[in-house]
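Chemist: Encoded as structure tokens, here's the structure I'll be asking about.
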Amino acid sequence: MSEIFAGLALLSLAIWIYLVCFRGQFWRTDRRLSAQLLPLDKSPSVCIIIPARNEADLLPITLRSLLTQDYSGTLNLFLVDDHSTDRTAEVARETAETLGKSDQLHILSAAPLPPGWTGKLWALDQGVQKAMTLEPDYILLTDADIEHDRANLSQLVAKAVGDDRELVSLMVRLRCQSIWEKLLIPAFVFFFAKLYPFRWVNEPENSIAGAAGGCSLIRREALTRIGGIQAIRQALIDDCALAEAIKSSGSQRIWLGSSDSTRSLRPYDSLETIWTMVARTAFTQLNYSPLLLIGTVFGMSLIYLLPPLGAVFGIVAGQWSIAIPSLFAYLLMSLAYVPIVRFYRCPIWLSGCLPTIAFLYTLMTIDSARRHWQGKGGAWKGRVYEEIKTP
């Protein structure tokens, strides 16, 4: 039996050596938009689409940040009120009027949700359809909870034009203030980057495609080429589905990076709110496959739980063939987690808590499957979506 545990410990160490050395340096946080804007002879026209469902509390900040962008090109905003039960539309209108920007803001009321669509994408599609009548050069898809840095749009457009990218997307800085946010939010970004290493996403010759739906600038021709939002209308993980559609259909030139100045204001003050957010789509990412769920649980246990447990067991039992590789695997894991912990300005000791954090995320994934089998999968803001296969 000890030989089996020693073999698993060596396997875990080998996996971490691969992840740290050969997985696109996913653990780094250096993919950022340049603060130096490229000279643009003519600033392209941009339409911003904002799906909003019960966002009255955040819009005075987030919508203001979009209406006050330091951008010299033609700019129009389309806010799609997705059947809100609060004052979303009224607050949006009042915010624009206060800034003297009413002519730039177009408020649309979403039509009833048809079969085969998710609510957010249905709202986005209606906004995009209206925006297309203006024939903008670029379309920015952004969430209603995002507060944009004043130079964000200029930098996004400069990156798209100067580097000839059809999609430029930002993983905005998620809120990280409460105890649960500090424990779990950096890991959420860490796991995402491990699945979609930013360097690999940004390489045209690499097939991996990823994006962050909270802030994605798309060239109009690229969106038209893939068939618009309708092409991904059933996707719960819509950002990566959009990136995959664009990268596989044309120039393959997309870009994904991090932002420290553009941020999400969405609070996740409790374990329950983060749990719900992850459980909403975790089983979708596994394409609703029980076999992939079993494999994921085994993989998470092997990669994250075995190193600390194997180190403790090996030391106590005097089994150094288990303890030594387990200790090295735990060290590599903790070191790989340090950059994202520092990026989110969390205590450095949290880098040693990744096994516990991974265990919680594993439980969330199992719960995601449970919710799906009980017909509650994909629940979000009062809606429950039927099974939707990922591409």
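Where a number appears in this text, it was derived from the coordinates with a stated rule and is not lab data. In this text the structure is predicted, and so the values were computed from the model without any measurement. Positions of Cβ are backbone-derived with ideal geometry, glycine not excepted, and every protein chain shown enters the neighbour counts.
Chemist: Among 342-355, 71-84, what's the highest-first ranking by average C-beta atoms within 10 angstrom per residue?
Modeler: The peptides rank, most packed first, as 71-84, 342-355.
Chemist: Taking H as built 1.01 Å from N, whose amide H comes closer than 5 Å to the amide H of HIS83, not counting residues under 5 places away?
Modeler: Amide H to amide H, under 5 Å and 5 or more residues apart or across chains, HIS83 pairs with ALA110.
Chemist: Follow-up question, since we're still on this one. Counting pairwise Cα distances across region 46-268, what percent come out greater than 29 angstrom?
Modeler: In whole percent, the long-distance tail amounts to 21.
Chemist: By the scheme Lys and Arg +1, Asp and Glu -1, what is the net charge of all other residues having a beta-carbon under 15 Å from that of THR98?
Modeler: 0
Chemist: Would you mind classifying region 165-257 by shape? Square roots of the alpha carbon gyration tensor eigenvalues, ordered a ≥ b ≥ c; an a/c under 1.5 is rounded, otherwise it is prolate if a/b is larger than b/c and oblate if not.
Modeler: prolate
Chemist: Starting from the amide H of ILE48, placed 1.01 Å from N in the peptide plane, find each other amide H under 5 Å away whose residue is 5 or more places distant or on another chain.
Modeler: Close amide H contacts, sequence-distant or interchain: ASN76, LEU77, PHE78, LEU140.
Chemist: Hull surface divided by four, with the convex hull built on the Cα atoms of region 54-121: how many nm²?
Modeler: Over every viewing direction, the Cα hull of region 54-121 projects on average to 5.2 nm².
Chemist: To the nearest 20 debye, what is the magnitude of the charge dipole of the chain about its Cα centre, counting +1 on the Cβ of each Lys and Arg and -1 on the Cβ of each Asp and Glu?
Modeler: 540 debye
Chemist: Taking the chain as the reference, fit the longest principal axis to its C-alpha atoms, fit the long axis of helix 320-343 to the helix C-alpha atoms, and give the angle between the two in degrees, 0 to 90, nearest 10.
Modeler: 20 degrees
Chemist: Would you calculate the separation in nanometres between label points at SER109 and GLU94, each defined as 7 Å from the Cα along the Cα-to-beta-carbon direction?
Modeler: Distance between the two pseudo-spin positions: 1.9 nm.
Chemist: Can you compute the helix-only [θ] at 222 nm over the chain? Use -39500 (n - 2.57) per DSSP H run of at least 4 residues, normalise by all residues, nearest 500 deg cm²/dmol.
Modeler: -14500 deg cm²/dmol
Chemist: How charged is the neighbourhood of MET333? Take every other residue with its Cβ under 14 Å from the Cβ of MET333, and add Lys/Arg as +1 and Asp/Glu as -1.
Modeler: Taking every Cβ under 14 Å from that of MET333, the sum is +2.
Chemist: Between the DSSP loop rule and a limit of at most 12 other Cβ atoms within 10 Å, which GluC sites (Glu not before Pro) in region 69-160 are left?
Modeler: When the GluC sites (Glu not before Pro) of region 69-160 are filtered for loop state and at most 12 Cβ neighbours within 10 Å, nothing remains.
Chemist: Take the chain, connect every pair of alpha-carbon atoms lying under 10 Å apart with a spring to form a Gaussian network, then pick out the residue of ALA209, ALA243, ALA110 with the largest mean-square fluctuation.
Modeler: ALA110
Chemist: Can you tell me which of LEU33, LEU309, LEU156 moves the most in a GNM of the chain? Springs connect C-alpha atoms under 10 Å apart.
Modeler: Sorting by GNM fluctuation, first place goes to LEU309.
Chemist: A follow-up question, please. Over all directions, the average projected area of the alpha-carbon convex hull for the chain comes to how many nm²?
Modeler: Dividing the Cα hull surface by four gives the mean projection, 19.5 nm².
Chemist: If the elastic network links every pair of Cα atoms under 10 Å, which of LEU67, LEU99, LEU195 fluctuates the most in the Gaussian network model of the chain?
Modeler: LEU99
Chemist: Out of residues 5 or more away from THR262 or on other chains, whose amide H comes under 5 Å of its own, with H placed 1.01 Å from N in the peptide plane?
Modeler: For THR262, whose amide H was placed from the backbone, the distant partners under 5 Å are ASP149, ARG173.
Chemist: Could you work out how far the C-alpha centroid of region 122-149 sits from that of region 1-60, in angstrom?
Modeler: Their Cα centres are 23 Å away from one another.
Chemist: Where does region 95-202 land on Rg/Rh, using Cα atoms and the Kirkwood Rh?
Modeler: 1.00
Chemist: Can you run phi through the Karplus equation (6.51, -1.76, 1.60; θ = phi - 60°) for region 212-226 and list ³J(HN,Hα) in whole Hz, with x for Gly and Pro?
Modeler: Per-residue couplings from phi come out as 10, x, x, 7, 9, 9, 10, 5, 4, 4, 5, 5, 5, 4, 7 Hz.
Chemist: Still on this model: Could you check what % of the DSSP bridge pairs in the chain are antiparallel, to the nearest 5?
Modeler: Antiparallel bridges: around 30 percent, rounded to the nearest 5.
Chemist: Can you tally the net charge around PRO186? Count Lys and Arg as +1, Asp and Glu as -1, for every other residue whose Cβ sits under 10 Å from the Cβ of PRO186.
Modeler: Here the charged neighbours net out to +2.
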